[in-house]
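The values are calculated or read from the model by the stated rules, or taken from the named source; none is laboratory data. The shown structure was predicted, so the numbers you read here are calculated from the model rather than taken from an experiment. Just the protein is used for accessible areas: all its heavy atoms, side chains included, with ligands, DNA and RNA removed. Shrake-Rupley method; radii C 1.70, N 1.55, O 1.52, S 1.80 Å.
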Amino acid sequence: ANAVKLITNVFRDINIAFINEIAILFEKIGIDIMTVLEAAKTKYNFQIHYPGAGVGGPCLPVNSYQILNLAKRVDGSLNIVKAGRYINESMPDHVIELVNNGFAEAHKIVNGSEILILGISYKPDVKDIQLSPAKYIVEKLLENGAKVKIYDPYYKSTKVYGVDTEENLVDALTNTDAIVIVTAHKEFHDLEPTFLTSRMRTPILVDSRGVINQHEAKKASLIFRGLGRAKV
């Protein structure tokens, strides 16, 4: 039973890492990963996985290290599992890179700017921050001098990662310089780019979960950066 749990979760960790690595490549060559995945899933034996800011939760990261430790005890080698962990653990840094890139286009700097994190749960529509990539992203932005705000519908009016969370999205958006979508909660799928620009001070949007249509973002004059998304 433990072996079954390990291989099913490690399978997901590895496949998410593959998609994350492909997503970064597609950013560079101008192909939209979400369009590709929607087409790929029409093939009967393709199991879809989506790119993102990182892999969290109590199972996937832990199970990968459990099986790596098992292999080490018996002098085994699981290079693909190691590579998958390396890629997934590097994704929060890539999100920070996208943030910096957006600020560069806006001719602004992160230091002193207000940045809103949308979603801190490790996966959509749950109240759970175990090993969430949001923690690293928040800490890195604070380290770089940003004034970080957090809005998550499951963590209202509390303190997470040393930051007081916002009570409502409208107030959270007001006068922000950038938005970073970390978790694809259902609420965020309904965001209208024109609404975002109407509330923000600087219209920078970083979407790490494929929530926002980049063409609509461009129409709304957002400076858009998306994980695995072609620039438009």
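Table for the structure above
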quantity	calculated
Computed P(r) (all Cα pairs; the chain; 5 Å bins; percent)	1, 7, 14, 18, 19, 16, 11, 7, 4, 2, 1, 0
Gain on full stretching of the segment that runs from E105 to K219 - 0.36 nm per residue minus C-alpha separation	39.4 nm
Convex hull projection area averaged over all views, segment 1-80, Cα basis, nm²	6.7 nm²
Table column - 3J(HN,Hα) (Hz), segment 4-14, Karplus curve with 6.51, -1.76, 1.60, x for Gly and Pro	4, 4, 4, 6, 5, 6, 5, 3, 5, 4, 5
The chain, accessible surface, carbon-and-sulfur percent (1.4 angstrom probe)	54 percent
Equivalent ellipsoid semi-axes, segment 167-228, via Cα gyration tensor eigenvalues times 5, rooted, Å	16, 14, 10
Lysine pairs meeting the criterion (Cα under 19 Å, 8 or more apart or interchain), as found in segment 128-223	10
Dimensionless Rg over Rh [segment 119-165; C-alpha; Kirkwood]	0.94
Within the chain, percent of DSSP bridges classed antiparallel, to nearest 5	10 percent
Hz values of 3J(HN,Hα) by residue in segment 204-211 - Karplus curve (6.51, -1.76, 1.60), Gly and Pro given as x	9, 10, 10, 10, 8, 10, x, 7
Mean accessible surface per residue for the chain, computed with a 1.4 Å probe while every protein chain stays in place, in Å²	50 Å²
